[in-house]
Amino acid sequence: NAGVTQTPKFQVLKTGQSMTLQCAQDMNHEYMSWYRQDPGMGLRLIHYSVGAGITDQGEVPNGYNVSRSTTEDFPLRLLSAAPSQTSVYFCASKTGQQQYFGPGTRLTVT
Amino acid sequence: GENVEQHPSTLSVQEGDSAVIKCTYSDSASNYFPWYKQELGKRPQLIIDIRSNVGEKKDQRIAVTLNKTAKHFSLHITETQPEDSAVYFCAASKGGGGSEKLVFGKGTKLTVNP
């Protein structure tokens, strides 16, 4: 199993650009989520999904959209990037209560 | 909703000493408490977890204790080594069906000095 994978590893965007961060898992986990990690702020939940076709907002959802058309994939979309979205983004999936993280995407918005 | 507080935010110990990180949670319905270790530039990795039906769990040099009455749980690392240097996160969730959110503490940066 590849586990949880994320692409790209690094990305630089200009303010106002849009992009999609990809996340996939091959463990057949129903629950998937996106976090952002900023210095001193820990891991903050952006959006999560309890299964295909079902998504919900987390703690910091503004500026981000998600969809879940398959069990495997959970992309995160930035419609109009802002410097405040500079962060490291982690995707995660879980079975039962044990959660596993992807390797992360470091995003810089200039 | 659930709120998890973690202390201290930074911790520096000498190699061979013990390290203790403490977390408190607010929702008495929470029943699952994992700890994650994140090395610099890497993803958080699950290192140990405990469920509310036990008070302590050990795995080699790492142990976690849970006090449900006081709503706090702690990570204990004995005989610390330089490779234990990392950021540690505690978390809490409730239920058992897999659809509940994990709520994280803000992390503790542990430095083990040789």
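The values are calculated or read from the model by the stated rules, or taken from the named source; none is laboratory data. Note that this is a predicted model, so its numbers are computed, not measured. Cβ atoms come from the backbone with ideal geometry, glycine included; neighbour counts cover every protein chain shown. Keep in mind that these areas ignore ligands, DNA and RNA; they rest on the heavy atoms of the full protein, side chains included. Shrake-Rupley method; radii C 1.70, N 1.55, O 1.52, S 1.80 Å.
Over chain A, calculate the relative contact order: mean separation of alpha carbon pairs under 8 Å at least 6 apart, over the residue count, as a percent.
About 36 percent, as a whole number.
For peptide A:98-105, compute the average count of partner chain beta-carbon atoms within 10 Å of each residue's beta-carbon.
Per residue, the number of nearby Cβ atoms from other chains is 5 on average.
Percent of accessible area on the protein assembly as shown owned by carbon and sulfur, 1.4 Å probe?
Looking at the protein assembly as shown in its full context, I get 48 percent from C and S.
One quarter of the convex hull surface, Cα atoms only: what value does that give for region B:1-103 in nm²? Working shown, then result.
Details: hull surface 26.9 nm².
So the mean shadow area of the Cα hull is 6.7 nm².
For chain A, take the convex hull of the Cα atoms, compute a quarter of its surface area, and give me that in nm², please.
Over all viewing directions, chain A projects a mean Cα-hull area of 6.3 nm².
Sorted by accessible area (1.4 Å probe), largest first, how do B:Lys37, A:Lys94, A:Lys14, B:Lys57 line up?
The residues order as A:Lys14, B:Lys57, B:Lys37, A:Lys94, largest area first.
Chains A and B: buried accessible surface, both sides, probe 1.4 Å, rounded to 100 Å²?
Roughly 1800 Å² of accessible surface disappears when A and B pair.
Between A:Ala82 and A:Ala52, what is the label-point separation in nm under the 7 Å Cα-to-beta-carbon projection?
3.5
How high is the relative contact order of region B:20-80, in percent, with contacts defined as C-alpha pairs under 8 Å that are six or more residues apart?
Relative contact order of region B:20-80: 35 percent.
Which order do the peptides B:74-81, A:56-63 take when ranked by the mean count of other beta-carbon atoms within 10 Å per residue, highest first?
B:74-81, A:56-63
Would you look at the GNM of chain B, springs on alpha carbons closer than 10 Å, and say which of B:Gly41, B:Gly55, B:Gly16 moves the most?
Taking springs between Cα atoms under 10 Å, the residue moving most is B:Gly41.
Taking just the C-alpha trace of the protein assembly as shown, give me its Rg and Dmax in Å.
That works out to 17.6, 51 Å for Rg and Dmax.
Highest GNM mean-square fluctuation, chain A, Cα pairs closer than 10 Å: which of A:Ser67, A:Ser87, A:Ser18?
Of the options given, A:Ser18 has the highest mean-square fluctuation.
Which residue, A:Gln98, A:Gln25, A:Gln37, has the most motion in a Gaussian network model of chain A that connects Cα atoms within less than 10 Å?
Among A:Gln98, A:Gln25, A:Gln37, the largest GNM mean-square fluctuation belongs to A:Gln98.
When only C-alpha pairs under 8 Å and at least 6 residues apart count, what is the relative contact order of chain B, in percent?
It comes to 37 percent, rounded to a whole number.
Whole-Hz Karplus ³J(HN,Hα) for region A:68-78, in order, using 6.51 cos²θ - 1.76 cosθ + 1.60 and θ = phi - 60°, x for Gly and Pro?
Using θ = phi - 60°, the values come out as 9, 8, 10, 5, 6, 10, 8, x, 10, 10, 9 Hz.
What is the mean number of Cβ atoms from other protein chains located within 10 Å of the Cβ atom of each residue in peptide A:53-64, rounded to a whole number?
Numbers: counts 0, 1, 0, 2, 0, 2, 4, 0, 0, 0, 0, 0.
Per-residue shielding by partner chains comes out at 1.
Would you mind working out the accessible area per residue for the protein assembly as shown, using a 1.4 Å probe, and quoting it in Å²? Each step should come with its number before you reach the end.
Details: 10640 Å² over 224 residues.
Here the residues of the protein assembly as shown average 48 Å² of exposed surface.
Could you give the distance between the Cα centres of region B:30-70 and region A:1-80, to the whole Å?
Each part's Cα centre sits 25 Å from the other's.
For B:100-111, what's the mean count of beta carbons from other chains sitting within 10 Å of each residue's beta carbon?
Shielding by partners across B:100-111 averages 4.
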